[in-house]
Amino acid sequence: MGDEKEQKSKTEDLIIEAKAFFDFYKKEMGKSLRTGMNVISLEFMKLTEFSNKLSDEILANPEEVLRIIELAVEEIGMIKNARVRLINLPKSLEIKVRNIRSKHLNEMIVIEGIIRQASDVRPQVVNAKFECPSCGTVMSVLQIEKKFREPPRCSCGRRGGFKLLSKEMVDTQRLVVEEAPESLSGGEQPKRINVFVKEDLVEPRMEEKTTPGSRVKVIGILKEVPIPLQTGGLSTRFELAIEANNIIPMEETFEELDISEEDERQILELSEDPRVFDNLAKSITPSVWGYEEIKKSLVLQLFSGVQKVHRDGQKSRGDIHILLIGDPGVAKSVTLGFMANISPKGRYVVGKSASGAGLTATVVRDEYLRGWSLEAGAMVLANKGLVCVDELEKMDPNDRSAMHEAMEQQTITVSKANVQATLRAETSVLAAANPKFGRFDPSQPIAQQIDLPPTLINRFDIIFTLRDIPDRQKDERIADHVLHEHRKEGVEVLISRELFRKYVAYAKQRIKPELSDDAIEEIKTFYIELRNKPVSVEGALRPIPISARQLQALIRMAEASAKVRLSKKVTREDAKIAIDIMKYYLMQVGYDYESKTFDIDRISGRFSSSQRSKILGVRDIIIDLENKIGKMIPMEEIEKELEGKMNPAEIDEAMDKLKSSGEIFSPRRGFIQRTGS
């Protein structure tokens, strides 16, 4: 009896403590309630500061004490049926999934990991009321186990056959959480644990954050789950599961980052600086020297353009895709890794080990629900983020084709094993590739050195080639920079990573810039001038310097540049920044030195226009001569005809190209004949 009394007084003490705490932190409580939920977020650290007694009790027997605190909230009269969710627990409670042991049972623990599977949300009975048909007594039975329990007997002596009056239900969901790969050492396999979430944690807005692939921190109580045997009894072995008290998403998209008033002040202060764009660019991979243009375009990629939905429902993407192709050792992978880290929901994948399914989505057998379920790949997980693909050229061509849809339509469609689904993949792609023969050959057009299909290359807004060409001054500065880096731990970053992320988030949340007339004029002039430049080579096919795709890219970059300045209007200056980057990229990739013009075919086609026109010229002459001389044409005749128009080396090159494409062949030495004639 004494024990019971003691317990009662202890409970009352705790209720008084809890009430005092809530009185003390009225403001905080009000904040939780304003969200319109009956949920109170309780900062554990504040609780410890206020009363050690309460915090110690929570750790010792969490379930009971949390119930007492919830009672206290109700008694204050703030809300009915309150739920207390803990946040900010001490580091000492964090534990790896692999280290969970039976001594942790019924204790409060914190684990971190990636959600691998999420079941559907289903109702579960927690309490049922029964009426005895004989005497009319109403009994309520708490439903704790998996098996639905009826009352064993009534006070009047009746056993069984009770009438079910009502049952209380809550929504529950089962998640499978797997350890984060960072915490593994060597060849360990990541361990998994079941997490049961219920009530407000499965609210629709919360459910978005518990989709497979998202990183979460789970705060909960470790429980044992009995395993039923086939014979009907229970096994001596038990399963472990965590009953979640709170789930905290670890990575938010830029849209969800919380920005306080203090942050906003800093952000606006930053945006006043006329050099804000340069400063942001310098804060990207400060450990890599140079590449100003590339860093600028990476900043634009983070900010991205504005996605538009046209009247006919057609969407045009706002995300900017960038491809870096470069000699080995020019810090491509470093840049990719850095970008994947700085962008929320950034994902880093490497070509050789990435499959099409791993990039998009796969259909897997769900062992619990006995059906098929979708597992999202990198591009879906990085929705509204950034996906970095390294060694793009080493990817299997079939897998690479999976990226086409994601890059242009920004969706991923899966039709396998009776699952038909279209998933959103509004993702920017930053890819890196190496040239076909390991290094660039300066004499060849770049397109022939990239082992990528033209269709894919064309989907990138900007392509940069990183050449590693010895240059005394440049080499000296790189060497200084690298050695300096090694001596002390890196350079001071101009803008801290946190502020950088918040700045981008602020711009993405609040700013949707519109094109001004000046900007439209600037882009239009550049586009038309460049496409209709006079050609210096006579009789040549006119090269196409840029296509409409690049026009779209210009608009996206100009919009992103306006976002960098937190401006609602895209000005002429923004258009100029975009044009400069585009010119830089075309100079590197699309410049045809023979005709001194830009040529889009040099980027994605096999031959540049001037080359193509020469090949066609030679072919026309062969056809002419065939009519005059007959099928076998001596080489001298061809050379005589082309004298003054082309030099012998160019004629040889054109002949080689025609031979390799199977148009002509050499029946005997010194003679040419067209195939099929």
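The values are calculated or read from the model by the stated rules, or taken from the named source; none is laboratory data. Just so it is clear, the model here is predicted, and its values are computed rather than measured. Cβ atoms come from the backbone with ideal geometry, glycine included; neighbour counts cover every protein chain shown.
The table for this structure:
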{"item": "Which numbered condition Trp289 fails, given (1) in contact with a Ser or Thr (Cβ under 9 Å, 6 or more places away or on another chain); (2) farther than 20 Å from Thr411 by Cβ", "result": "(1)"}
{"item": "Single match in Ile221, Ile259, Ile248 (criterion: modelled with pLDDT of 80 or more and closer than 20 Å to Gly385 by Cβ)", "result": "Ile248"}
{"item": "Test for Ile320: is it out of contact with any Lys or Arg (no Cβ under 8 Å at 6 or more places or on another chain) and at pLDDT 80 or above", "result": "no"}
{"item": "Count of region 410-441 residues which are in contact (Cβ under 8 Å) with a residue 24 or more places away in the chain and surrounded by fewer than 21 Cβ atoms within 10 Å (Cβ to Cβ)", "result": "13"}
{"item": "Qualifying positions in region 50-64 - under 23 Å from Val202 (Cα atoms) and in contact (Cβ under 8 Å) with a residue 12 or more places away in the chain", "result": "Pro62, Glu63"}
{"item": "Enumerated helices (runs of 4 or more DSSP H) restricted to region 341-428, each holding at least 3 residues that are in contact with a strand residue (DSSP E or B) (Cβ under 8 Å, 6 or more places away or on another chain) and on the phi < 0 side of the Ramachandran plot", "result": "378-381, 402-408"}
{"item": "Set Leu105, Leu59, Leu142: member being in the same structural domain as Ile242 (by TED's automatic domain parsing) and within 23 Å of Ile193 (Cβ to Cβ)", "result": "Leu105"}
{"item": "Gly113 vs. criteria farther than 30 Å from Arg158 by Cβ and not in a helix (DSSP H, G or I)", "result": "yes"}
{"item": "Residue tally, condition farther than 15 Å from Asp620 by Cα, part of a strand (DSSP E or B) and within 56 Å of the chain's Cα centre (by Cα), over region 641-675", "result": "1"}
{"item": "Pick from region 305-334, criterion in contact (Cβ under 8 Å) with a residue 60 or more places away in the chain and part of a helix (DSSP H, G or I), ranking: surrounded by the fewest Cβ atoms within 10 Å (Cβ to Cβ)", "result": "Ser333"}
{"item": "Among the candidates Leu105, Leu59, residue that is hydrophobic (A, V, I, L, M, F, W, C) and closer than 25 Å to Pro190 by Cβ", "result": "Leu105"}
{"item": "Output for region 82-108, where each listed residue is in contact with a helix residue (DSSP H, G or I) (Cβ under 6 Å, 6 or more places away or on another chain), modelled with pLDDT of 80 or more and buried (at least 19 other Cβ atoms within 10 Å of the Cβ)", "result": "Leu86, Leu89, Met108"}
{"item": "Selection count, region 151-165, where residues are modelled with pLDDT under 80 and either within 55 Å of the chain's Cα centre (by Cα) or surrounded by fewer than 12 Cβ atoms within 10 Å (Cβ to Cβ) (or both)", "result": "8"}
{"item": "Residue tally, condition under 30 Å from Pro90 (Cα atoms) and in contact with a Ser or Thr (Cβ under 9 Å, 6 or more places away or on another chain), over region 227-243", "result": "2"}
{"item": "When residues of region 494-514 are limited to those that are closer than 9 Å to Lys563 by Cβ and of a type in the set (Val, Ile, Thr), the one surrounded by the most Cβ atoms within 10 Å (Cβ to Cβ)", "result": "Val504"}
{"item": "Residue that is surrounded by the most Cβ atoms within 10 Å (Cβ to Cβ), among those in region 111-150 that are among the small types (Gly, Ala, Ser) and over 19 Å from Leu175 (Cα atoms)", "result": "Ala128"}
{"item": "Meets criteria (at pLDDT below 70 and crowded, with 21+ Cβ neighbours inside 10 Å) for Val618", "result": "no"}
{"item": "Residue that is nearest to the chain's Cα centre (by Cα) [pool: residues in region 568-578 that are closer than 10 Å to Ala519 by Cβ and either of a type outside the set (Lys, Arg) or outside any helix (DSSP H, G or I) (or both)]", "result": "Ala578"}
{"item": "Selected residue (only one of Phe238, Phe196 is surrounded by fewer than 18 Cβ atoms within 10 Å (Cβ to Cβ) and modelled with pLDDT of 80 or more)", "result": "Phe238"}
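Every residue, every condition in (1) touching a Gly at 6+ places or on another chain (Cβ under 7 Å); (2) β-branched (Val, Ile, Thr); (3) closer than 30 Å to Gly346 by Cβ, yes or no:
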| residue | (1), (2), (3) |
| --- | --- |
| Arg149 | no, no, no |
| Pro152 | no, no, no |
| Met169 | no, no, no |
| Gln189 | no, no, yes |
| Arg192 | no, no, yes |
| Thr210 | no, yes, yes |
| Glu224 | no, no, no |
| Gln230 | no, no, no |
